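Notes follow the structure.
The values are calculated or read from the model by the stated rules, or taken from the named source; none is laboratory data. All figures in this text were calculated on a predicted structure; none of them were measured in a lab. Ideal geometry is used to build each Cβ from the backbone, glycine not excepted, and the neighbour counts take in all protein chains shown. Accessible surface areas use protein heavy atoms only, side chains included; no ligands, DNA or RNA. Shrake-Rupley method; radii C 1.70, N 1.55, O 1.52, S 1.80 Å.
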Amino acid sequence: MKYNYTEIEKKWQKRWEESGIFKAQDDFTKPKFYSLIEFPYPSGAGMHVGHIKAYSGLEVVSRKRRMQGYNVLFPIGFDAFGLPTENYAIKTGIHPRNVTDKNIERFTEQLKNVGFSFDWSRVVDTTEENYYKWTQWIFLKMFENGLVFRDTALVNYCPSCKVVLSNEDSQGGKCDICHSDIVQKSKDVWYLRISQYADKLLEGLNDVDYLANIRMQQENWIGKSVGAFVYFNINGGEQGEKMRIYTTRPDTLFGVTFTVIAPEHPLIDKYRDRIKNIAELDAYREQCAKKTEFERTQLQKTKTGVKIDGISAVNPLNGKELPIYISDYVMMGYGTGAIMAVPAHDDRDYEFAKKFGIDIIEVIKGGDISNAPYVGDGEMVNSDFLNGYNNKKDAIAKAIEVLAEKGIGEAGVQYKMKDWAFNRQRYWGEPIPIVHCPKCGIVPVPYEELPLRLPKVDNFEPGVGGESPLAKIDSFVNCKCPRCQGNAKRETDTMPQWAGSSWYFLRYIDPHNDNEFANFEKMKYWLPVDWYNGGMEHVTRHMIYSRFWHRFLYDIGEVPTKEPYAKRTAQGLILGSDGEKMSKSKGNVVDPNEVVSEYGADVLRTYVLFMGDYTSATPWSDSSARGCKRFLERVADLYGMTKGSGSTPELESKFHKTVKKVSSDIEDMKFNTAIAAMMTLLNDIYDHGSLTVDEFKTYISILCPFAPHLCEELWEMVGGKGFLSMHEWPSYDEAKTVDSTVEIAVQINGKVRATVSLPVDCDKETAIGIAKQNETVAAMIDGKTIVKEIVVPGRIVNIVVK
RNA sequence: GCCGGAGUGGCGGAAUCGGCAGACGCCCGGGACUUAAAAUCCCGUGAUGCGAGAGCAUCGUACGGGUUCAAUUCCCGUUUCCGGCACCA
């Protein structure tokens, strides 16, 4: 058959669309499968082949599930709010709405070109009113439940993008969007209290099946630390004034020789009058404030600090007076912003103590503290009631018990995860549905007034001082207070990019519902998402945020499951053919449309899965892609071979083995070896020269999820009924996957010297007997003493001689 | 610094309850077909040595040790690369 892929692919894409076979049915009696891929941000650059690889994995799984009789929900949508579109609008003056529509159109065309089996009737666009209405609705629910708060704070601010960024968006002190250095700036910030969900997000990981490294990154991000709070009296302070510190090592309290507070700690301003060297402290604090977070945490590893003259701390366990230092190695944002320093057993405290000439007291034996801090386990000394304890765990438990008894401390838990800075001074985002009323204060927009629509503007440039473009729209800003009907002003900031994607998987379940974000009965059927695949870069942001929103919705009874995603995997990148990450500036980007027109969609789909391990990064290779084209062309010619002499038991057995391997490899995301197995079988068929019609049907059935256009065409040629895409997945006979005889390697002293053919279930004696009859083997053991004979059935025979 | 993952032919990668290393594909070489080229098909293809040849031997999975009849796989040490976190008390 002439493989006219362009014609075939257009033909079947049209038929699939007209027949609607990929639409998910709301038939709750059928077994369901919800497979989810991360919906794309519709950028102006269009899709690249990395997107295709990201979607092809679950595309194959989804198609296999349909053939296995599942009711499959495999949706697609667009995460379309965001900065690049807005920046493009600023540059060109074209409205983001128009830019977005155009980009979505382009993406849709590209996706359809590849023949993905998405349910196109459920497309979601986060920038549409009937979508962001519900994003705002969920925000108001959070507000209602005390998870939204406003604070003036030092925030991560990107001077180039002119926006406040969350910690997640400014990792490493760089803006995640434009990679400029971020600076600290005091701003009014809306926060979502995600920290309140830290424990739930951590525990939830026990109920889901995520790849190990994904789980690890999330745990790391949440950063739970178990320790204790201890209250130190302040010498020179007010009566009863305590300095609260957080430590993970309350067992070392007798080794404390000083304390340190963060430069921003409120204690300093409170006791300005009593501190004798306040000018020196202020100078140091000013110096710290100028440093970016990046400089403070990444570059500056040598300790600096100033001793406070005028107040001091008192160790609550032994009454010892301790100096208080300020130093920027203590962060205001973690714990209490104050620490007890145990230089003998902490690297940082040790360095500080050495520099400032502070005492170092050993409380754990095992090291030489005159040379270096000892951080290992050991016997407690110089520690009163803790003396003699031999391990950290017991000593900590005892210390906490005593602290609690005396009312000078308590067990405590800290998380690295901070609350989520949730506002951006930007136009192209969901307006935050809040009204500022001079009388009533902060008032939420009533639910019935949603959606709070984005007004039309002409100028998308953020205001001076970084205020939102919406602030310039008087008709938007000026409003009536929903509570007292007096004149009030609207919040003009919008939500961050991550808002819309925090719940989109719920909307897919019921995308056209005008009364609720999704029908509960439908959610009960479809949730959780059975399998979610996406990029590693979203593990600590999108994944954490959406798990948080979902868990909140569960807590208020709006969704039926605690966790949104039962299983999560991640694909590896496709690198440019130069081995570098694909980027426009390097000119190594591969456009899927070009590959489709040159080789066909089936080749593109097959190649992105064949090119290497699905979860690893692999460079693109045009010539390897051509190899996949040859493969499919040879498959196309297979039909002619059904007219030959038929099959053999050997070939039949190979079919059963291949069906088995392809079936299980797809489940394990080992698409590359699944395709390799089909190639091997194809070579075997070619060697044999013919196959039966049933075998041919089996072959195109297992290949169908990978190369569906070609397989549908061949199915039609061979007289198959209906769509192959909906035809049943082939089964295999386990018995026929086992050969009656096996080729076994015979080793002499561990080196392979011969190969013999053995019955599959033969016993040890028979195996050794047959092996010894082999000429080479016989010659090599002739005249030698046999020390040992090892037989691993179906694997190997090893004869050890001397 | 800490926590993960990885290091296999010219290339992408297979094979890990320890059991014939290099499946499958690419590249490359030789041949067939063709006036010729492309395409296609067939053969070869880890390295080194020996042999006219079928073939044989030795080495070989980052490096150095170890356990074992047998190690890409397990253990100890070293090293390089990638990813994440990073003064988190």
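Odds and ends about this structure:
- Residue-averaged 222 nm ellipticity for chain A, from DSSP H runs of 4+ at -39500 (n - 2.57), nearest 500: -10500 deg cm²/dmol
- In terms of its alpha-carbon gyration tensor, the stretch A:377-429 comes out prolate; a/c meets the 1.5 threshold, and the first ratio a/b outweighs b/c.
- Accessible surface ranking that places the most exposed of A:415, A:210 first, with a 1.4 angstrom probe: A:415, A:210
- Cut-off under 5 Å, modelled amide H: who pairs with residue A:150 long-range: A:191
- Dipole of the stretch A:128-198, positive direction: furthest Cα of A:160, A:184, A:137, with charges on the beta-carbon: A:184
- For chain A, relative contact order (Cα pairs under 8 Å, six or more residues apart, normalised by length) works out to 15 percent.
- The overall shape of the stretch A:355-486 is prolate: from the C-alpha gyration tensor, with semi-axes ordered a ≥ b ≥ c, the ratio a/c is 1.5 or greater and a/b exceeds b/c.
- Per-residue SASA entry for residue A:229, accessible area with 1.4 Å probe, Å² rounded to 10: 20 Å²
- Solvent-accessible area of residue A:483 with every protein chain in place, 1.4 Å probe, in Å² to the nearest 10: 150 Å²
- Cα gyration tensor, the stretch A:628-735 - rounded (a/c under 1.5), prolate or oblate: rounded
- Percent antiparallel among DSSP beta bridges (both partners in chain A, rounded to 5): 75 percent
- Relative contact order %, the stretch A:135-263, counting alpha carbon pairs below 8 Å whose residues are six or more apart: 17 percent
- Under the criterion of Cα pairs below 8 Å and six or more residues apart, the relative contact order for the stretch A:70-206 equals 21 percent.
- The residues of chain A have, on average, 42 Å² of accessible surface per residue, using a 1.4 Å probe with all protein chains present.
- Under a 5 Å amide H cut-off, with hydrogens placed 1.01 Å from N, residue A:412 pairs with A:227, A:228, A:229 among residues at least 5 apart or on other chains.
- Working from the Cα coordinates of chain A, the gyration tensor eigenvalues give, after taking √(5λ), semi-axes of 58, 42, 22 Å in decreasing order.
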